[in-house]
Amino acid sequence: VSRPLKLGVSVGVKGRRGAGTLGAIVKDSADKMYVLSCEHVFNPVPGGEKPQIEQPAFIDYRNHIVALERELDRAQNREARNDLDYTKRKLQEIKNLKPRVIGSYTKGIKQNVSFNGSKYYVDAALH
């Protein structure tokens, strides 16, 4: 979970299980800011409603909580007071930083393109 938003953090579509990475923050000629990731992350069901993008992706948020709960159980079993206190605090911190919507899908591309005589596969999307 990252506050403020940083490159490389987990992103996903609200209500879906998938996750991806925030690859870049870009702005257009009118100084409007966008987040760049992959089309298959931001638009997993093409043709539907414009998905809301959240950070972190819910699956990563849930997995982080599960991992901390396991660590809490291990610390309690070995009666490691310092580990126990730290893990309890970290778990509460993460639970308080629930996934937040950072925008809605704007536009994307997922296809082969030619550039300077070479062919490339592009999978990119903006919110």
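Points to keep in mind about this one:
- Residue selected from region 39-71 under the condition in contact with a Phe, Trp or Tyr (Cβ under 7 Å, 6 or more places away or on another chain) and buried (at least 16 other Cβ atoms within 10 Å of the Cβ), by the criterion farthest from Pro4 (Cα to Cα): Asn43
- Hits in region 75-95 - residues which are surrounded by 13 or more Cβ atoms within 10 Å (Cβ to Cβ) and over 17 Å from the mean Cα position of the chain (by Cα): Ala75, Gln76, Ala80, Asp83, Leu84, Tyr86, Thr87, Lys88, Lys90, Leu91
- Picking from residues in region 13-38 that are surrounded by 11 or more Cβ atoms within 10 Å (Cβ to Cβ) and over 16 Å from Gly103 (Cα atoms), the one that is modelled with the lowest pLDDT is Arg17.
- Tally, over region 27-46, of residues that are of a type in the set (A, V, I, L, M, F, W, C) and more than 21 Å from Gln111 (Cα to Cα): 2
- Single residue of region 101-127 satisfying the filter (open to solvent by 50 Å² or more (accessible area, probe 1.4 Å) and outside any strand (DSSP E or B)) that is farthest from Lys32 (Cα to Cα): Gly117
The values are calculated or read from the model by the stated rules, or taken from the named source; none is laboratory data. Remember, predicted model here, so these are calculated numbers, not experimental data. With ideal geometry, Cβ positions are generated from the backbone for all residues, glycine too; neighbour counts draw on all protein chains shown. Calculation scope for accessible area: heavy atoms of the full protein, side chains included, ligands and nucleic acids excluded. Shrake-Rupley method; radii C 1.70, N 1.55, O 1.52, S 1.80 Å.
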